[in-house]
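The values are calculated or read from the model by the stated rules, or taken from the named source; none is laboratory data. Source: prediction; values computed, not measured. No Cβ is skipped: glycine too gets one built from the backbone with ideal geometry, and neighbour counts run over all protein chains shown. Ligands, DNA and RNA are excluded from the accessible area calculation, which covers all protein heavy atoms including side chains. Shrake-Rupley method; radii C 1.70, N 1.55, O 1.52, S 1.80 Å.
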Amino acid sequence: MSVQKQIKRLTAPDIRARKSGDPIVCLTSYHAHTARVLDEHCDVILVGDSLGMVMHGLETTVPVTLDMMILQGRAVMRGSQRALVVVDMPFGCYEASKEEAFHSCVRVLKETGCGAVKLEGGVRMAETIRFLVERGVPVMAHIGMTPQAINTLGSFRARGREEADWGPIEEDARAVDNAGAFAIVVEAVAEPLARKITADCRAPTIGIGASIACDGQVLVLEDMLGLSPRVPKFVKQYADLGPSIGKAVEAYAQEVRARTFPGPDHVYGMKKPSA
Ligand code: KIV
């Protein structure tokens with residue numbers, strides 16, 4: 001009899017319970033192979049709509065579609081076993097009404113098998129978040145700099161760097177917290193404001209450019225690995241893989257041109273004829 005060891009996946013309530021506890025480790029992934037690597041080290045894997053910029057070379061996340069998110073969400077679920085997988089809701093599939101948001105989220109949960117969704121917006125999305133949570137959709141909120149709003153915000157600059165600007169961001173945090181978000185991504189927000197929001201909210205905050213004061217951190221994987229051509233100030237590069245990949249590709253190209261690859265180790269010989 002074979003005994004299969006089942007690895008239990010983390011859930012949205014597990015992450016919510018980490019408020020003020022061990023820091024929550026989160027990175028983005030859009031592929032099965034990177035998800036497999038992240039799964040050993042991360043509590044949460046975010047299938048971010050940043051995939052539009054990272055995988056497809058788009059200028060912003062605005063053109064990303066629900067089908068794109070579902071395809072990559074499935075890939076990440078196949079590659080991971082333990083981390084909570086959160087799939088981003090792309091621009092245009094959840095803002096018009098709470099019913100529209102529910103139908104889009106249900107597609108994501110059913111078609112990917114992921115454990116939660118993320119959506120951008122504070123006060124304006126609070127009613128929708130409550131509606132979703134009451135109907136079984138765990139929601140990670142995203143406030144501060146919200147990239148999907150680039151066309152109304154005008155730039156990706158940091159928020160809350162003057163105290164006079166804190167009010168609306170604090171209200172956003174309070175609104176999504178009260179609506180039942182299990183975690184709140186806080187993006188590109190001045191440290192003292194991130195600290196205050198973290199202290200005031202019951203849900204854990206996950207910072208990206210929002211300081212050590214948050215309950216956890218998230219970065220775009222390709223940014224921290226040195227694969228992105230431009231990165232925001234808040235990104236620490238933990239590796240510089242761009243030049244290493246360039247060198248490997250250069251060596252391959254040289255060997256193909258010199259007819260030294262494939263060598264004897266990389267070809268199939270003939271099977272010995274059976275006696
Ligand atoms: O899309 C994304 O990758 C994100 C993170 C940067 C938080 O939303």
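Residue 38 meets the conditions (1) part of a loop (DSSP other than H, G, I, E, B); (2) more than 10 Å from the ligand (Cβ to nearest atom) in every case but one. The failed one is (1). Filtered by the rule that a residue be surrounded by 11 or more Cβ atoms within 10 Å (Cβ to Cβ) and aliphatic (A, V, I, L, M), the range 219-247 gives 219, 220, 221, 224, 225, 227, 231, 235, 241, 245.
For residue 89, state whether it is within 21 Å of residue 150 (Cβ to Cβ), open to solvent by less than 50 Å² (accessible area, probe 1.4 Å), of a type in the set (A, V, I, L, M) and without any contact (Cβ under 8 Å) to a residue 24 or more places away in the chain. The answer is no for residue 89. Considering only residues of the range 36-56 that are under 11 Å from the mean Cα position of the chain (by Cα) and of a type in the set (A, V, I, L, M), which is farthest from residue 93 (Cα to Cα)? So, considering only residues that are under 11 Å from the mean Cα position of the chain (by Cα) and of a type in the set (A, V, I, L, M), the one farthest from residue 93 (Cα to Cα) is 44. Of 156, 102, all but one fail to be within 14 Å of the ligand (Cβ to nearest atom) and among the aromatic types (Phe, Trp, Tyr); the exception is 156.
Do we find that residue 263 is over 30 Å from residue 28 (Cα atoms) and open to solvent by less than 30 Å² (accessible area, probe 1.4 Å) in this structure? When the stated conditions are applied, residue 263 passes them. Of the numbered criteria (1) within 16 Å of the ligand (Cβ to nearest atom); (2) surrounded by fewer than 24 Cβ atoms within 10 Å (Cβ to Cβ); (3) farther than 21 Å from residue 166 by Cα, the one residue 147 fails is (3). You will find that of 46, 27, 58, the residue that is within 13 Å of the ligand (Cβ to nearest atom), over 18 Å from residue 105 (Cβ atoms) and not in a loop (DSSP other than H, G, I, E, B) is 27 and no other.
Residues are listed down the side, and each one gets a yes or a no for (1) under 30 Å from residue 35 (Cα atoms); (2) at pLDDT below 95; (3) in contact with a His (Cβ under 6 Å, 6 or more places away or on another chain):
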| residue | (1), (2), (3) |
| --- | --- |
| 123 | no, no, no |
| 129 | yes, no, no |
| 150 | yes, yes, no |
| 155 | no, yes, no |
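Out of 27, 84, one residue alone is in contact with a Leu (Cβ under 9 Å, 6 or more places away or on another chain), open to solvent by less than 60 Å² (accessible area, probe 1.4 Å) and over 15 Å from residue 113 (Cβ atoms). It is 27.
Within the range 57-68, if we keep just the residues that are within 15 Å of residue 230 (Cα to Cα) and over 16 Å from the mean Cα position of the chain (by Cα), the residue that is most open to solvent (accessible area, probe 1.4 Å) turns out to be 59.
When only residues in the range 3-19 that are in a loop (DSSP other than H, G, I, E, B) and open to solvent by less than 100 Å² (accessible area, probe 1.4 Å) count, which is modelled with the lowest pLDDT?
Across the range 3-19, the extreme among qualifying residues is 7.
Take residue 226 and decide whether it is farther than 30 Å from residue 16 by Cβ, away from the ligand (no atom under 14 Å from the Cβ), assigned to a loop (DSSP other than H, G, I, E, B) and modelled with pLDDT of 95 or more. Taking the combined requirement at face value, the residue satisfies it. Applying the set (1) surrounded by 18 or more Cβ atoms within 10 Å (Cβ to Cβ); (2) more than 16 Å from the ligand (Cβ to nearest atom) to residue 163 leaves exactly one unmet item: (1).
Within the range 166-187, one or more residues are of a type in the set (D, E, K, R), more than 17 Å from the chain's Cα centre (by Cα) and farther than 25 Å from residue 45 by Cα.
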